[in-house]
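The values are calculated or read from the model by the stated rules, or taken from the named source; none is laboratory data. This is a predicted model, so every value here is computed, not measured. Here the Cβ positions follow ideal geometry from the backbone for every residue, glycine too, while neighbour counts run over all protein chains shown. Ligands, DNA and RNA are excluded from the accessible area calculation, which covers all protein heavy atoms including side chains. Shrake-Rupley method; radii C 1.70, N 1.55, O 1.52, S 1.80 Å.
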Amino acid sequence: MAPRNRDDNFMDVDSDSDISLLGDAEHRGKGKGKGKATDKRKKDKGKAKAKEQAYTWEASYTRSWDTVQEDEAGSLQGAVEDLMARGRRRRLLAPAAAIRRTIIRHLVLLLDLSAAMMDRDMRPTRFDLMLQYAREFVVEWFDQNPLGQIGVVGMRAGIGERIGEMSGNPQDVLKCLSERTRLEPTGEPSLQNAIEMARSSMSHLPTHSSREILIIFGSLTTCDPGNIHDTLDACVKNKIRISVVALAAEMKISRDLCDKTGGQFGVAMNEGHFKDILFELVPPPAQRAVARAGGPGANPAADLMMMGFPTRLPDSSPPSLCACHSDMKSEGFLCPRCMAKVCDVPTDCDICGLMIVSSPHLARSYHHLFPVKPYEAVTSMEGESMLQAACHACARIFSTSVSTAATSEGMSPWGRYRCPDCHNDFCAECDVFVHDVIHCCPGCGK
């Protein structure tokens, strides 16, 4: 084949742009059809390059509208029902039988305050997102565990720093987490120093309460003064459960801390996943069988605890000093044993050491031990003689039209969910509210 004639008036370059030096009109006139085909190929090549090489800021941009899809009629009801179906499926996986759990919990929150927390792979930064989720976690944790206590320890500059003392008042914990300037990240973290500080603060706790450490770790290094495996063995001996939420990557020592102490480990892939794995630690963990040297593996024996229900003082009572802060106040609670005045409950009396709780706090702690059974989705109306026209809880009339939600996802086409004990029908909103908020069936009281 004869070689192709080359035109000296044009540059032979591999570019997406058409560059001509001389004779532009003459060249277009000679090869008009060939030029159109060449331009089309170049445009397709440019589109392919644009798809392959996206901007770096596009990778971190969240396209939230892609997760919500409209149906044929342009409604978003199907997307809402799909989100509710995911929640129902997650709840149905939870065990419905009663499991032995610890209702009096003591948790130490270890926060990574090293320079690695200033990375912006999570918006706005790892540090700001960690503080935001930590505050939300504390509020939810105290709502689900009103008899528990939380302490806060920071890791920065190679040492462990006590940020907040162990307290059963959520306002005290939130106050120490709201001072951002005091928690400014710097230096390298030290897992060993922080765990030793947390372990020493829980050494005096009774055996009937749980001892837990939750570590939010964003660094890939740890600056320890000694052998951290000795600290791990001491935590196993003291029955301290360690859970780790990693923001960067998995480290072997983090996995060993969780596996040997019976905790949970997770690596956050994005902001939403970070919150999910963090809030999975809100319910109290199930107690596992512990193998003892003197006998077969069994759970520790249940011991009776002494609690006191205080007398609440009205605001019009004469002012007196409280035993916890030595402040002159009118309102407060009186210890039933020594009649000392305390500011808030639940707490331990500073005079006699009695655990002071209120009956609503104690009742709210028991829903983890006896969870509400999952409601069954009504998927067929055949054979139903006496159907309820309205929801048993909110009295909202049930719809007679069939929904487009798939029954395989745990959703009822008629929006009816039936209690397996009292056989009353509830709507989807009441089903979620019963299992996630009040933890008690309005029909049977279970």
Expressed as a whole percentage, what fraction of the accessible surface of region 122-202 belongs to carbon and sulfur atoms when a 1.4 Å probe is rolled over the protein heavy atoms? 47 percent
Distant-in-sequence amide H partners of residue 167 (H built 1.01 Å from N, under 5 Å): 150, 151
Karplus ³J(HN,Hα) for region 209-217 (6.51 cos²θ - 1.76 cosθ + 1.60, θ = phi - 60°; Hz, whole; x = Gly/Pro) runs 9, 7, 10, 10, 10, 10, 10, 9, 10
Applied in sequence order to region 122-136, the curve 6.51 cos²θ - 1.76 cosθ + 1.60 (Karplus, θ = phi - 60°) yields integer Hz couplings, x standing for Gly and Pro, of 10, 7, x, 9, 4, 5, 5, 5, 5, 5, 5, 5, 5, 5, 5
Hey, can you rank 317-329, 129-141 by average C-beta count inside 10 Å, highest first? 129-141, 317-329
Can you tell me how region 184-296 classifies by the Cα gyration tensor, rounded, prolate or oblate, using a/c under 1.5 as the rounded cut? oblate
HN-Hα couplings for region 433-446 via Karplus (6.51, -1.76, 1.60; θ = phi - 60°), in whole Hz with x for Gly/Pro, come out as 5, 5, 7, 9, 10, 8, 6, 7, 6, x, x, 10, x, 9
Ignoring everything but the protein chains, give the 1.4 Å probe accessible area of residue 161 in square angstrom, nearest 10. 60 Å²
What accessible area per residue comes out for region 154-280, rounded to a whole number of Å², with a 1.4 Å probe? 46 Å²
Subtracting the Cα-Cα distance of residue 320 and residue 388 from 0.36 nm times their residue separation yields 18.8 nm
Whole-number accessible area per residue in Å² for region 337-446, which is evaluated in the context of all protein chains at 1.4 Å: 53 Å²
How are the C-alpha pair distances of region 337-386 spread across 10 Å bins, as whole percents from the shortest bin up? 18, 26, 18, 14, 10, 10, 4
Taking all protein chains as present, what is the carbon and sulfur share of the accessible area of region 245-284, in % to the nearest whole number, probe 1.4 Å? 50 percent
Using the Cα atoms as the points, what is the convex hull volume per residue of region 302-383 in Å³? 167 Å³
For region 150-246, just say rounded, prolate or oblate: build the C-alpha gyration tensor, square-root its eigenvalues into a ≥ b ≥ c, call rounded for a/c under 1.5, and beyond that prolate if a/b exceeds b/c, oblate if not. oblate
